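*Asks:* The structure that follows is given in the form of structure tokens.
FYI, it's all coordinate maths here, none of it is from the lab. All of these numbers come straight from a predicted model, not from anything done at the bench. Neighbour counts run over all protein chains shown; Cβ positions are idealised from the backbone, glycine included.
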């Protein structure tokens, strides 16, 4: 009787196919996790900017320096973060490379180019406008970051 040692070609092919399917599923899940991580990073950065702006305005109100709220509205919103976002380009008016942030003081726009555009419905660039809020007498009473896309 002839006894075979090891796996047959068929068994080997089945094993390779199973590993191929598992690797494909793992890579698809990894892409989804990376997209979710980038969405979360962008969302947290924008939220932190908004909170920083609110804190700066609140601080001026608490000190009785409401007249200085206009300084907050005129500054870059990124100035109110504890640190610059990862990939922030101080010299550019618009984000150019993937994973890059920029602020254009003339247009008062914050922009970000996603590393994974599919994480943001294929958007090649995300933009927010920094808007000053003025009361009826023309005094600046607040500022906010408004999404444009």
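*Asks:* In square nanometres, what is the average projected area of the Cα convex hull of the chain? Could you put the intermediate results ahead of the total?
*Replies:* Working: hull surface 55.0 nm².
Dividing the Cα hull surface by four gives the mean projection, 13.7 nm².
*Asks:* Then there's this: So for the chain, averaging the separation of alpha carbon pairs under 8 Å that are six or more residues apart and normalising by length, what relative contact order in percent results?
*Replies:* Working: 187 pairs, mean separation 26.8, N = 149.
Across the chain, relative contact order equals 18 percent.
*Asks:* Could you work out the equivalent-ellipsoid semi-axes for segment 1-78, taking the square root of 5 times each eigenvalue of the Cα gyration tensor, largest first, in whole Å?
*Replies:* Values: eigenvalues 839, 16, 7 Å².
Semi-axes (√(5λ), whole Å): 65, 9, 6.
*Asks:* Let me have the 222 nm mean residue ellipticity of the chain computed from DSSP H runs of 4+ only, each contributing -39500 (n - 2.57), with the sum over all residues rounded to the nearest 500. Kindly include the intermediate steps, with their values, before the conclusion.
*Replies:* Working: 2 runs with 60 residues, N = 149.
The helix contribution divided over the chain gives -14500 deg cm²/dmol.
*Asks:* For the chain, modelled as a GNM with alpha-carbon contacts under 10 angstrom, which of 97, 56, 23 fluctuates the most?
*Replies:* 23
*Asks:* Given the options 129, 86, 50, which has the most mean-square fluctuation in a GNM of the chain, springs set between C-alpha atoms less than 10 angstrom apart?
*Replies:* 86
*Asks:* Could you give the angle, 0 to 90 degrees to the nearest 10, between helix 9-62's Cα long axis and the longest principal axis of the Cα atoms of the chain?
*Replies:* In the chain, helix 9-62 runs at an angle near 10 degrees to the longest axis.
*Asks:* How do 106, 145 line up, fewest other C-beta atoms within 10 Å first?
*Replies:* On the way: 106 6, 145 19.
If I rank by nearby Cβ atoms, fewest first, I get 106, 145.
*Asks:* Still on this structure, I have one more. Comparing 70, 98, 137, which has the greatest mean-square fluctuation in the GNM of the chain with Cα pairs linked when under 10 Å apart?
*Replies:* Between 70, 98, 137, it is 137 that shows the largest mean-square fluctuation.
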